[in-house]
Structure formats: C-alpha cells, structure tokens
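One structure is given below, encoded as structure tokens.
Computed from the coordinates by the stated procedures, all read-outs in this text should not be read as laboratory data. A quick note: this is a predicted structure, and the numbers were derived from the prediction, not measured. Methodologically, a virtual Cβ is constructed for each residue, glycine included, from the backbone with ideal geometry; neighbour enumeration extends over all protein chains shown.
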Amino acid sequence: MNFGQAISTCLSHYATFSGRASRPEFWWFTLFQILALAVAGMVSETLYGLAALGLLLPMLAVGTRRLHDVGRSGWWQLLMFTGIGYFVLLYWWVQPTADDADSYGTRLM
C-alpha cells in the first residue's frame, strides 16, 4: 500500500472501527496527519484546530483497526491518557500482523 492508497482508504473508512488495518496503512496515514497538521499550523491556529478535529476520528478508527490486526481490542487506545501508555501502544502498532486474531482483536483458539 502506498501513501495515496493509505490516505484514501483511511478517509473512506472515516469512522469504521471494525476490521483490520495493515502497518503501511496505519503509518502512511499517521505521516499524512503529521504533515497536514504541520501545514495547517503554519497557516493559522484556527485551521490547525479544524484539521486536528477533522482527522481525530479517522486516526482513532485506523488505530483501532491496527490494534485489531495485532490481536488487541481498540479500547487499548485509552492508554494514551496515561502518558506512558503511548509507548505500549507504539510497541503494538509496530508489531506484525497476528495470524491468529479475528477482525475484532480477540485471539482465536
């Protein structure tokens, strides 16, 4: 998956929290979000706020789908509120696809 495909996939699944997202899809969209927010921040604070608000839901959705891909529940994203939990999420987001997980993040037996 390339940069453009990842962006179009994530934006077309704007609020889809079920299913899986591959590593490239997640990381390309993360890069897009960082670049979009940097550019918006250079233009104006209001535009930055609108861009951040507009990209929040698709980022949460792709993060949830990425966690499903490694066999975790999307609710683990609540760890971001703890500070140190972001590093745990980062570790899970870089993991390869778990072949023994269904689309909701639970491990199959």
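In table form, for the structure just shown:
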read-out	value
The chain - mean residue ellipticity at 222 nm from DSSP helices (-39,500 (n - 2.57) per run, n ≥ 4, rounded to 500)	-20000 deg cm²/dmol
Relative contact order (percent, whole number), the chain, Cα cutoff 8 Å, 6+ residue spacing	29
Approximate spin-label separation D99-L37, in nm, with each point projected 7 Å along Cα-to-Cβ	3.6
Electrostatic dipole magnitude of the chain [Cβ: Lys, Arg +1; Asp, Glu -1; Cα centre; debye, to 20]	60
Where labels lie 7 Å past Cα in the beta-carbon direction, separation of T46 and M80 in nm	2.6
For the range 23-74, the Rg and Dmax computed from alpha carbons only, in angstrom	12.5, 39
Computed over the range 3-93, Kirkwood Rh from alpha-carbon pairs, angstrom	13.5
Qualifying chymotrypsin sites (Phe, Trp or Tyr not before Pro) for the range 6-109 [loop in DSSP, other Cβ within 10 Å: at most 16]	Y14, F17, Y104
Virtual spin-label span in nm between L60 and Q5, 7 Å along Cα→Cβ	2.9
Kyte-Doolittle mean at least -0.5 and Cα axial length at least 24 Å: DSSP H helices in the chain	23-43, 45-69
